[in-house]
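These notes are about the structure you will find just below.
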Amino acid sequence: MNYQHQKMLSSENFVKISKPMKQTNEIFEKDLVCAFLQRLMMLDYRARYIPVQQENSDLNNSQAFPVSESADDDFDTLFSTAADLDQSKENHVHPMDVQMAVLHCSDSLLKQKMITKLSQCQYALPLLVPDPASTNIVCPLWTFRQITKTWKISTTEENSTIVTMKSMPICKAKTPMVSFFRLGSMSLSKSQLMNAMINDRHHTFFHRNCPGSTKSRHLMDGVAEIAWYCPAGKPNDLFNDCIAFCNLHGDSLAITKQRELLTEMSSVIVVLVPTLEKSQGSSEVIYELYKSSKPLIIISADNECGAVQMKPRKYKLGLKERSQSDVSEELKKILRSILSGPHTSFQLETMAKVPEVTVDEKADVCLKGKSLAMELVKMIKEMDIAEIKDKFLPCQGQLWYEWCKINKELHHLKGHIEKEKCQKSDQLMELRQKQCEVSNSQLMRLFIKNLNDLQPNEREYFLKWTQFLIDALSTDDISSILQSYDKIWSEVLDLKKKHDKSFQLKEKLTELEQLSKKLQSATFGLEHMFREMGQIYEAHKSLKKQSLDHQSEWSKYPVLAADLMIKGHPMELMDGDAGHVPLIWISSLLQAVIQKLGDQRVFVLSVLGFQSSGKSTMLNAMFGLQFAVSSGRCTKGAYMQLVELSEEIKKDYHFDYILVVDTEGLRALELAGNATLHRDNELATFVVGLGNMTLINIFGENPAEMQDVLQIVVQAFMRMKKVQLSPSCVFVHQNVTDIAAAEKNMDGKRRLQEKLDNMAQLAAKEEVCEYECFSDVIAFDVQKDVKYFAQLWEGSPPMAPPNPGYSESVQELKTIILSKASQSKGITLSHFSTKVQDLWNALINENFVFSFKNTQEIAVYRKLEVQYGDWTWALRSEMLNIENQLYPKIEKGQLDKVELSDLSKAMSKRYKEITQAIGAYFEEDKDKEMLIQWRSRFENKIKELHEELMRGVKRKLDEVIHQNNARKKLDNKKTEFENKLFQKSKELAHLLKSIKDEEELKSHFSTVWENRVKELTSDMKPIEDINLEEDQFLVLLDLGDEDGLIDESRKSTKYKSLSVIGDYSDYITQKKFKHYFQKTQQSQETKTEADEDKSKNPGLVSYVKGLFVKGLGCEEQERIRSFIQNVETECLEALKRKPIATTGYRSTYLQELAKTIKQKVSEFESGRTFIFKKEFTVDLSLYVFDRAESWLLQSHKQYKDNNDVLTYLDSKKSEYYNIFRSFCKGSSSTVVFGEMICKNLKASAVEAVSNKTAVDIAGEMKCSFPAFSGNRLNLEKHVLTSLAEKENFESFKTYIRHPRSQVEAFIKEEVKKYIFTTHNDKPHNILKKNTEDISRVISQALFDATEKHKKEGGDIETWVEEFSSKLEPNLTLDTISCQNFTDINNFDFVKEEIEKGLKVNIKEMSDLSLNTVNDCRQKPEQILIDQLCNCCWERCPFCAAVCTNTLKDHSPGKHSVPFHRPCGVKGWHYRGLPDFVIDFCTTLVASDQSFFPEHDSQETVPYKQYQTAGEKYASWSITADASMLAYWKWFIFRFHKDLENYYNNKFQGHGKIPQQWKDLSKKDAIESLNEMCSL
């Protein structure tokens, strides 16, 4: 009791999930309170007596009893009463003292919960309690508020029995009260006698013969307990109406105050006395009672007589030598007689008016909650429940039902889809607008104000009071409706048994339907207030309304609801009345919970089962939850409740909370008239998908009932497997008799296994998959995953207590759940939120599996793609650096072999770092459980890329080596030439050193140079430039093409855009006119049928990819376009395999291309109804030649530069003029050598700096430039944004036809802008840094080489070798012939000369233009193209949108893109009509329409089954959505004229652009891309 003064126990201490209780006697006294409360919460009535183990006792001690130590005669000892044998000393607390102590030490909310549970256990409840801290008498009226009692009154009229059901809060029930007093000390137990009045098989009132009773008790004397007898409406009822029995504990002579209070309130008083004599102290009390008007029954312990009526309503009877059963029967008979006449009634609520009693409800916090709740309910008190909802909760009524209906229709569109979609979208917004307009009801304003203003504790009282007061309004209505329903349902069953199909049966079923609706209307509770909050929030949020006067008051609603959810209040997840999930509200509510708790991990436990199968009762008992359980107010829809794990067990789990989802019972009684399998499947799929574990609750052993629920559940699990969700399941069989019979259980499990396997086979047929047994669908062990529950009640309700076996079953099930949960990681609240949206969005589309989109998984995958981009860039940039080090050495002939092993060794360190980073990411990321499915795929991709990069660099370097080998002849002569030129320059300078005029010197040098070059190259023929234009003309002429046709094509330049023109009809000629006519006729017939159907159902008009206007359909046009692209690719690849850079150009290469093109055209024509005109072949050849031209010219230039002596010598002229001029000025060999080294260094340094800067700029952009720093989807978003901002149709056309070309063009443009305009300071800084770095390298190498030469000596050649080696790997010097400088011996002077020249070089390099960088071998744009475009480029077979997967080959993952578009963008139109198709394929896949998979298909395929139409369709995942992306809608309207001209079709008829599209701005379009990427 001292604890009370430290800290009150609160309900929060006992709603947390703790360790399962031990079902043994190993409970110590210190754990008694906890054990009592835990068992009580689990409805275990044995909580009232829990055997206690003494701290110092040994359970295994064989000597369990004390042994006498007497040495005297044992027989004498037997009669001894000595103290050493007195074992009467008690060693445990009286059970009722435990109960009362806990009550005294608990706060009001926990007291209320305890009293409610005691009531459910059919125990008596404290009515009057002496306050241990004062002399006050307390009535805990508040604790009774949650208790509702139900009973049936049986009356006989005209030989028929009428049973009337009553159900009401016990505080409001007016019943007779029979009070029992004991005057003096007695051997007979008063409480035991009272139990016989109520339930002789249950200890309603604790008595001296109950287990655990002791002689001494401290907290019960003076306590008056009350219990109610509730009849069941059966002949064997003890009483015909509800009666309250009150028991005043202790000697009533000493407890005057309570006795007098009860005497005043009672209808009948029963007094137990040891003897009935005037001399007794009790005679005065008896006299007063006897003289009063209250009925009195006196029971005397020393009297043998039976019941005697002393005078009207005054009785006495004896107990002596009479059985208790006889006495109790007489007592019942007297009570029935008294109560059949006039009597007073007792109502608990009246206790508040008794001045002598302190009522707990008078506490300030309780009074405040009550007054606010009464103020709220006052405005609805006199109204009908349905009227209340219509007037005060208008947002959740017809407006919401209509919104749900239209929203579902939006996912099942027919006819003119886009037009219908726009209309329905407008309707949805109108309904939201109406909701906003009516949302400001006085009731909701006051309700939300109170929630907002009250402190958390005050808020709890306010909500409780509100619920109590609202319940009081609807109790009578619900009782009468249920009674009527029960009656009509019985009549329907009778008619069905008679196989009556008459009008009467239909009429009764209609009545049932109406009663069902009436019951729905009559149900009103806090959940409806919260539902209204949700709808007000959704309406405003949808319209993005901001309240000016309240500063967005509605925006705070999720925070208010989150506070309550965290406190343990259930929140509606799925509106059972509307059959819809309010996604906006749920998402914001969960987000608010996350903001308060953090993104906690939760284990989601879903529960499925028929209505009234005991689901909610089981959950409430297991976790101490608050789900509604009364049959009249069964859970509708789905509710979620957050339950925290206690601190002591958190360490054993990977999550901190269990999120329980309880569902509306399948095949609910109210919905018996209109329940459908589809709706049940929807609900089951939803909750099964949400749960980490699903409890399937089956009531009883009815096989037919079980079969229904099993079919639904198995199909739901099968769907989960197909969308890669894998919950576990446990089956709970409730209300099973004889659960201890192991054989029966085994037989039951075997039958369940058979049924599950059978259901799995049936469901597999419906879901079109192959499963033989249930364990193929989900990991399931029938031995471990099936739990049998005893029936809930121990006897017949309403007086039966809960079965202790039920509580044990609940405890065992809790252990199983926690054991399974310990192996689960759970999911984060944010993941749960997205899962709710994903599941619901998939469910409102008919085909769940094709429609399901795992948003969380997509988000995790997109994040992984960004990481993959970083890893691949790290590999690529390292390989580029290695290439930059090796390339100049090979180019300068200093390295003639590169092996893959060398590259692998150079890459090994970086590759190891990257693989370690990958391993760490997959093992340590918070989403590692989800990432594991992709680990091997991404690791393999990194390995493949590593090998591919090495092979690519080796190929590139081998080509340079090959070129070097090809020009060896020239290289061998170079040294000879250079030596001769050097000597000649030196000699000439010696002769002309007196000439000072620069022009004269140049003139003399040029004359000598030309003569010397002629002399050196007299036997060599120069390599000529090529004339591609002439060669192309001759090649086509040789192949038989007319010269006029060739000239005309070249002049028109039409061929240049051959791959992007909209219509190729002008290029074709039909093979057989008759056959074509037949085809056209067929097309016309289809068109006619379609036209006839249009008036009936425009949705039946399908469009195809077949034969239309001008003889070429959209699909054939696309095939020709793809053919052109393929021919171009193949020809260019073939050409690039030719060794033009090493052996030179030949016109035969063009001949080969032309022949290949002609052959490909012939192959394409075969099997088609048309052939190409000659113009097409000519244009295609010119188109390919045009594409090859730049590469041919570049390759030939490279060949010429490397192999033409004249070209080489011409490049050396300025170098030798400088040498000549230096010697003319009298410079020494050292000065000339220094100048040569500096010139050589400058060329190498510029190349090294440029290439390094190119890689660094690409790296900087890859990391920090928004378009390049994310995944492939991010790049696509920026490309589309750029296209929209420019509004250039030609660019759009390129994007639609050649997406990769447009993406590459975008990258080039952005790189150019980055370098030269928008961010040019960054490239300049990079260039400056690299210049400084290379300067430091050169200076250090110069110093090191000179110092080493000083120490070790050597000639000029050894110095050059040392200097070159010190520059590596950063720089590679050209080979310098040292034989001309053998006279140099002062290397400090050499160093000084080089340093002079170096200063000039560094200054010039610091002014190096970024153009130089952009023109170097490593171009930033090409590096980024290689990095960013190495991805998937597959296109949607319907709308040609490009797959946005960052992986090039992402098999087995399907292609997908969030940016699908109207099929008309690709050129699709309706069969036989020029009308564009403006429907999105993401909408079509949810529609009832069909399509032709190929241009010549005769059979259509329903869009819903598009993946069955062939490989190109099956490889795509097109998730059905509402296609709300504004981008392509804006594009179509903005460029509709251009599109019409390009495709020669019209936006008319079925393809008419909806008005809504015309209202979209460019800003809307671009913003919609951001929204799509954030999904």
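Numbers at a glance
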quantity	calculated
Label-point gap, in nm, between Ser1365 and Met383 - each point 7 angstrom along Cα→Cβ	9.8 nm
Extended-chain gain in nm, criterion 0.36 nm per residue less alpha-carbon gap, Gln280 and Asp1415	396.3 nm
Positive-end extreme of charge dipole, the range 310-411 - chosen from Gln396, Pro312, Met351 (charges on Cβ)	Pro312
Probe 1.4 Å, accessible area per residue of the range 428-484, Å²	41 Å²
Area projected by the alpha carbon convex hull of the range 165-308, averaged over all directions, nm²	10.2 nm²
Within the range 228-255: backbone nitrogen closer than 14 Å to the Glu329 label point (7 Å, Cα to C-beta)	none
Neighbour net charge for Leu1283 - beta-carbon separation under 12 angstrom, K R +1, D E -1	0
Nearest-0.05 FRET efficiency for Ser819 and Asp747, computed from C-beta distance (R0 25 Å)	0.45
Surface per residue (accessible, 1.4 Å probe) for the range 748-897, Å²	38 Å²
Simple label model, 7 Å out from Cα along Cβ direction - Lys567 to Thr161, nm	4.6 nm
Fraction of the pair-distance distribution of the range 244-323 above 14 Å, Cα-Cα pairs, percent	63 percent
Separation between Cα centres of the range 1134-1201 and the range 826-840, rounded to whole Å	55 Å
Tensor-based shape of the range 146-202 (alpha-carbon gyration tensor, a/c under 1.5 rounded, otherwise prolate or oblate)	prolate
Leu843 accessible area, assembled protein chains, probe 1.4 Å, Å²	10 Å²
Accessible surface ranking that places the most exposed of Lys926, Lys1051 first, with a 1.4 angstrom probe	Lys1051, Lys926
Extension reserve of the Thr1129-Thr1207 stretch, reckoned as 0.36 nm per residue once the Cα distance is removed	24.7 nm
Positive minus negative residues near Val723 (Lys, Arg vs Asp, Glu; Cβ under 13 Å)	+3
Per-residue ³J(HN,Hα) for the range 1309-1325, Karplus 6.51 cos²θ - 1.76 cosθ + 1.60, θ = phi - 60°, Hz, x for Gly and Pro	5, 5, 5, 4, 5, 4, 6, 9, 10, 5, 10, 5, 5, 5, x, 4, 5
Cut-off 15 Å, label 7 Å out along Cα→Cβ of Trp1433, residues of the range 1281-1320 by amide N	1294-1308
Residue-wise HN-Hα coupling along the range 721-732, computed from phi with Karplus coefficients 6.51, -1.76, 1.60 (Hz; x: Gly, Pro)	4, 5, 9, 6, 10, 9, x, 9, 9, 9, 8, 10
Within the accessible area of the range 1416-1457 (1.4 Å probe), percent carbon and sulfur	43 percent
Computed E for Glu1395/Lys1136 - FRET, C-beta separation, R0 41 angstrom, nearest 0.05	0.35
Gain in span if fully extended, His962 to Ser337, counting 0.36 nm per residue against the direct Cα distance	212.9 nm
Accessible area of the range 1264-1356 divided out per residue, in Å², using a probe of 1.4 angstrom	44 Å²
Neighbourhood charge, 12 Å Cβ-Cβ cut-off, centred on Arg1146 and excluding it, Lys, Arg +1 and Asp, Glu -1	-1
Rounded to whole Hz, the Karplus (6.51, -1.76, 1.60) HN-Hα couplings of the range 1467-1479, x for glycine and proline	x, 5, 8, 6, 4, x, 10, x, 6, 4, 8, 10, 6
Computed Kirkwood radius, in angstrom, where 1/r is averaged over Cα pairs of the range 709-846	17.3 Å
Ranked order, His654, His1455 - accessible area, probe 1.4 Å, largest first	His654, His1455
For the range 432-481 and the range 1283-1331, distance of Cα centres in Å	59 Å
Accessible surface, 1.4 Å probe, highest first, among residues Ile297, Ile1171, Ile1326	Ile1171, Ile1326, Ile297
Calculated FRET value between Phe1316 and Asp426, using beta carbons and R₀ = 30 Å, to 0.05	0.05
Size of charge dipole - the range 1430-1491 - debye, nearest 20, with Cβ of Lys, Arg +1 and Asp, Glu -1, no other charges	160 debye
Kirkwood hydrodynamic radius of the range 182-263, Cα pairs, Å	14.0 Å
With DNA, RNA and ligands ignored, accessible area of Ser1190 (1.4 Å probe; Å², nearest 10)	80 Å²
Spatially proximal lysines relative to Lys1558 (Cα-Cα < 23 Å; intrachain offsets below 8 disregarded)	Lys414, Lys419, Lys421, Lys424, Lys544, Lys1277, Lys1286, Lys1293, Lys1466, Lys1529, Lys1537, Lys1546
Ser1409 accessible area, assembled protein chains, probe 1.4 Å, Å²	50 Å²
Distance between modelled label sites at Gln1498 and Trp489, nm, 7 Å Cα→Cβ extension	5.7 nm
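The values are calculated or read from the model by the stated rules, or taken from the named source; none is laboratory data. Quick caveat, the model's predicted, so the values are computed rather than measured. Heads up, the Cβs are rebuilt from the backbone with ideal geometry, glycines too, and the neighbour counts pull from every protein chain shown. Protein only, heavy atoms only, side chains kept; ligands, DNA and RNA dropped before computing areas. Shrake-Rupley method; radii C 1.70, N 1.55, O 1.52, S 1.80 Å.
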